[in-house]
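Novice: Attaching a single structure in structure tokens format; questions to follow.
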Amino acid sequence: MNAKPEISLVVPVYNVAEYLVECVESISRQDFDRFEVILVDDGSTDGSSAFCDMVAAGDSRFKVVHQANGGTSVARNTGVAAASGHYIAFMDSDDIIHPSYLSRLYQLANDSGSDIVMVRFAEGVSPDMSRLSLSCKLPLKMSPMEALERTLYQDRLDTGPYCKLYRRHLFRSSGFVPGILYEDLEFITRVLPEVNHVTASDDVLYYYRHREGSNIGSFSLKRLDVLDVTDSICKRVIPYGHSMQLAARDRKLSAAFNMFILLGINGYGDSADSDRCWGIIRSLRGGELLNGKVRLKNKLGVLLSYGGRRVFSFVSRILAK
């Protein structure tokens, strides 16, 4: 490929040899030809590194960057730095995409003029291409504040970097924070106020694989990072007014609910971390029931929390099974 690519697809790779063939094949089948792929080998030790080199040797659209293991955020930042496209897209190396994934994102960006456009994803243990399809519904174009509020209320807009196409200029001063989980939530809520518009389509063009051992697919106390991330978001949105502050509080409450339940299930129900989550729940639950933008799931959690910590813990563990 001699012409400058329109899209740079960044794919962090770390010990995913079992899934990498499917991922690369789905990229190779794209019906869009003005793209490059930046495979960032993040210190793989299972043969993924050699496979990346083999792919790049056989297809000029693929480039490989090898680096010592630094984590997903560092790998994504490395990929962006090596990219030459006008737009940036991301993909996880154990997932697959529809043949029209890149072409549809590109069409949405051109038609809307939005700095960020997005499609939806299906998910499961084994990729099922029959669940991926184009939608007949018109895309939704939003202001940056509407997009941020919907993201915080978890209303249709997902925080993952995949399923999105970003104009390159958004990365001039922003990147993914290394060393934390929920770096996607931190990034998208930080960058949304900087965009002109966001356009979301109901096209389902990405398959997200649930894989045992992945960061979000398994439990560790590192997942408590979400409490610090949502706390930072609450502080960051203060200049955007009361309604946005309510949205940020709801996202923080949702994080506390989730972590409190996970801590209990994994044997940390009597820990200081669990106490912290319960304290957040008690401090933020007031007003949630009267807020029409709050999800039913959070409202049910609030109602249950008024029965006390033991009742909430008992019932939530049963429902989580």
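The values are calculated or read from the model by the stated rules, or taken from the named source; none is laboratory data. All values derive from a computational prediction rather than experimental measurement. Here Cβ is always computed from backbone atoms with ideal geometry, including for glycine, and neighbour counts include all displayed protein chains. Remember, those area values only see protein heavy atoms, side chains included, never the ligands or the DNA or RNA. Shrake-Rupley method; radii C 1.70, N 1.55, O 1.52, S 1.80 Å.
Novice: Inspect the range 290-310 for any residue being among the hydroxyl-bearing types (Ser, Thr, Tyr) and surrounded by 18 or more Cβ atoms within 10 Å (Cβ to Cβ) and give the result as yes or no.
Specialist: Looking through the range 290-310, at least one residue is among the hydroxyl-bearing types (Ser, Thr, Tyr) and surrounded by 18 or more Cβ atoms within 10 Å (Cβ to Cβ).
Novice: For the range 202-321, give me every one of the helices (runs of 4 or more DSSP H) that falls completely inside it and has 1 or more residues that are touching a Cys at 6+ places or on another chain (Cβ under 8 Å) and of a type in the set (S, T, N, Q).
Specialist: Details: elements: 225-236, 242-265, 272-284, 296-305, 309-320.
Hits in the range 202-321: 242-265.
Novice: If you scan the range 10-32, which residues turn out to be surrounded by fewer than 16 Cβ atoms within 10 Å (Cβ to Cβ) and of a type in the set (S, T, N, Q)?
Specialist: Selection gives 28 alone.
Novice: Considering only residues that are surrounded by 17 or more Cβ atoms within 10 Å (Cβ to Cβ) and closer than 23 Å to residue 16 by Cα, which ones fall in the range 95-137?
Specialist: 95, 96, 97, 98, 99, 101, 102, 121, 122, 127, 132
Novice: Between residues in the range 295-321 that are polar (S, T, N, Q) and residues that are assigned to a helix (DSSP H, G or I) and open to solvent by 100 Å² or more (accessible area, probe 1.4 Å), which pairs lie under 9 Å by C-beta distance while being six or more apart or on different chains?
Specialist: Listed by first residue and then by second, the contacts come to 305/282.
Novice: Shifting gears a bit: Which of the residues spanning the range 12-67 are touching a helix residue (DSSP H, G or I) at 6+ places or on another chain (Cβ under 7 Å), in a helix (DSSP H, G or I) and more than 15 Å from residue 91 (Cβ to Cβ)?
Specialist: Selection gives 17, 51.
Novice: For the range 41-82: of the residues being among the charged types (D, E, K, R) and without any contact (Cβ under 8 Å) to a residue 60 or more places away in the chain, which is nearest to residue 9 (Cα to Cα)?
Specialist: 63
Novice: Let me ask something additional. If I filter the range 144-174 down to residues being over 12 Å from residue 185 (Cβ atoms) and of a type in the set (S, T, N, Q), which single residue comes out as most open to solvent (accessible area, probe 1.4 Å)?
Specialist: That would be 173.
Novice: Separate question: Considering only the range 176-196, I want to know if a residue exists there that is surrounded by 22 or more Cβ atoms within 10 Å (Cβ to Cβ) and in contact with a strand residue (DSSP E or B) (Cβ under 8 Å, 6 or more places away or on another chain).
Specialist: yes
Novice: Same structure, new question: For the range 145-184, give me each residue that is among the aliphatic types (A, V, I, L, M) and within 30 Å of residue 69 (Cβ to Cβ).
Specialist: Residues of the range 145-184 that are among the aliphatic types (A, V, I, L, M), as a first pass: 145, 147-148, 152, 157, 165, 170, 177, 180-181.
Across the range 145-184, the qualifying residues are 165, 170, 177, 180, 181.
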